[in-house]
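Below is one structure, written out as structure tokens; comments come after it.
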Amino acid sequence: MSDIRITGVRAHPVGTGGHGGAHDPASPWLCTPVSHFEDARQREYHGDVAIVVVEVDTDAGITGVGTCGAGNAGIKPIVDHHFAPLVLGEDPFKVELLWSKMYRASTRFGRRGVPISALSGIDIALWDIMGKALGVPVYDLLGGRSRDSVQVYASRLYALKDLDELADEARDYVRQGFRMLKQRFGFGPADGVEGVKGNLALVAAVREAVGDDVELAADAYMGWDLEYTIKMERLLRPYDLKWIEEPLMPHDVTGYERLCRRSETPISHGEHCYTRLDFAELIERQAAHILQPDVNRVGGITEARKIFAMAAARDLPVVPHSNELHNLHFVFSQINCPFSEYFPDVQRDGNTLFYELFDGDPRAVDGELRLEAKPGLGHSLNEDVLRELAVSA
């Protein structure tokens, strides 16, 4: 128990400064859950909110900062009206108690999705407070640093009509020192035989550009179904993919279970799963070869450490979604995290916005990341950018 008390909780919805609209056929795209509809690229729109930043103030003058994953305008009112009243006046070190209070208080409308994202941001901020109060990095609170540097994979390579341009992008990442890459599939079941050929052409273009010595994974982002995935996995075997990511909808645990039994290519997912309860089922039913939670979606650091521990009990690798610091403190402390995702900062979007919102996030050098030993999460909020990109929600 500490003498510190929580005095305020503030949620800030943030956008990219862009505007929704029709998709330019020449611009990068990826297969998504709405790819089952023929006009998917014209229909898809994610709203103005890309991320929600949460600040938790204390009477010790320490402010913790967290983010809520899968940005959504519904997060702020849940933080303001449901969770903030539960934690005000409480000891920020009591993370297990506060987590349980928030989770149980939102059970009738929560358990997954927006409420858990909201809870995650608050919880991450509490761990930031604890690290700052104790003068240690969060990774020391999670068991200590287990490595000095970590290999990362360049995570971009969206689908392009110009395959030469896609190949050039892949070669450029290799020139930068990346030895692992991840690309995006562009087509799903609604695209028929031509879509199957299109996906194969996308992977072939990258594999031929980088050769066999670079590891390559590919992401279907929940846009396929089981039958389609089984067919694609068989056709993709000659390209030696390190994994196929998130081909099915996250609720289809039975589909993932069947797929994992049949696939010669490792299957990864978990980016859109919530809390240890979702991951316990995946692990028990052997419905994933690689788990990919994001700490700011699964319930924060308090919940993520349970997920990492459950995975370690079955020798399952955990590779978090995104190289944001709330994930990197696990990557640098947990033995069952072999490498990290890394979003190249080439375009402002929901995956790269944190580079501008925060000062202190590490950049990859020669395909590796190093983490400085700073108290808490180790970065500071850029108030000017926060004001510039604020969205009313």
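The values are calculated or read from the model by the stated rules, or taken from the named source; none is laboratory data. It should be emphasised that the depicted structure is a prediction, and the values quoted were computed from it without experimental measurement. Every residue, glycine as well, gets a Cβ built from its backbone with ideal geometry; the counts of neighbours run over all protein chains shown. In case anyone asks, the SASA skips ligands and DNA or RNA and just uses the protein heavy atoms, side chains included. Shrake-Rupley method; radii C 1.70, N 1.55, O 1.52, S 1.80 Å.
Stretching the chain fully between Lys94 and Arg314 yields a gain of 76.3 nm (0.36 nm per residue, less the alpha carbon separation). In this simple spin-label model, placing a label point 7 Å from the Cα along the Cα-to-Cβ direction at both Lys101 and Arg175 gives a separation of 5.5 nm.
Taking each residue as 0.36 nm, the span from Asp3 to Leu277 lengthens on full extension beyond its C-alpha to C-alpha distance by 95.4 nm. For the pair Asp59 and Asp240, what calculated FRET efficiency results from E = 1/(1 + (r/R0)^6), where r is the Cβ-Cβ distance and R0 = 56 Å, to the nearest 0.05? FRET efficiency, Asp240 to Asp59: 0.50. With a Cα-only, solvent-free Debye model of region 295-339, what are the log10 I(q)/I(0) values at q = 0.15, 0.23, 0.26, 0.29 Å⁻¹? For region 295-339 at q = 0.15, 0.23, 0.26, 0.29 Å⁻¹, log10 I(q)/I(0) is -0.30, -0.73, -0.94, -1.15.
Among all the aspartates and glutamates, which ones have a C-alpha under 17 Å from Lys101's C-alpha, if same-chain residues fewer than 8 places away are not counted? Once the sequence-local aspartates and glutamates are set aside, what remains near Lys101 is Asp80, Glu90, Asp91, Asp123, Glu303. Restricting the GluC sites (Glu not before Pro) of region 328-393 to loop positions (DSSP other than H, G, I, E, B) with no more than 11 neighbouring Cβ atoms within 10 Å leaves Glu372. Rounded to the nearest 10 degrees, the inclination of helix 192-210 to the longest alpha-carbon principal axis of the chain is 80 degrees. How big, on average over all directions, is the shadow cast by the Cα convex hull of region 308-393, in nm²? Average of the hull's projected areas for region 308-393 equals 7.2 nm².
Across region 33-141, the relative contact order, built from alpha-carbon pairs under 8 Å that are at least six residues apart, equals 32 percent. Put a dot 7 Å past the Cα of Asp366, heading toward its Cβ, do the same for Lys231, and the two dots end up 4.6 nm apart. In vacuo Debye scattering of the chain, one point per C-alpha: log10 I(q)/I(0) at q = 0.09, 0.12 Å⁻¹? Calculated log10 I(q)/I(0) at the listed q: -0.51, -0.93.
Based on the mean of other Cβ atoms within 10 Å per residue, sort peptides 273-282, 319-328, 114-123, 203-212 so the most packed one is first.
Those peptides, ordered most packed to least, come out 114-123, 319-328, 273-282, 203-212.
Just the accessible area per residue of the chain, please: how many Å² with a 1.4 Å probe? For the chain, the solvent-accessible area averages 41 Å² per residue. Taking the DSSP beta bridges with both ends in the chain, the antiparallel portion is around 55 percent. Helix 275-284 and the longest principal axis of the C-alpha atoms of the chain enclose an angle of approximately 40°.
Report the Stokes-Einstein translational diffusion coefficient (µm² s⁻¹, integer) for region 194-344, Rh taken as the Kirkwood radius over Cα pairs, at 37 °C with viscosity 0.692 mPa s. Rounded to a whole number, D works out at 208 µm²/s.
Using alpha carbons only, how many degrees (0 to 90, rounded to 10) separate the axis of helix 114-134 from the longest principal axis of the chain? Relative to the chain, helix 114-134 is tipped by roughly 60 degrees. Is there a pair in Lys242/Lys374; Lys132/Lys182; Lys76/Lys161; Lys76/Lys132; Lys94/Lys182; Lys76/Lys374 whose C-alpha atoms are over 31 Å apart, and which pairs would that be? Lys242/Lys374; Lys132/Lys182; Lys76/Lys161; Lys94/Lys182, as the Cα separations exceed 31 Å there.
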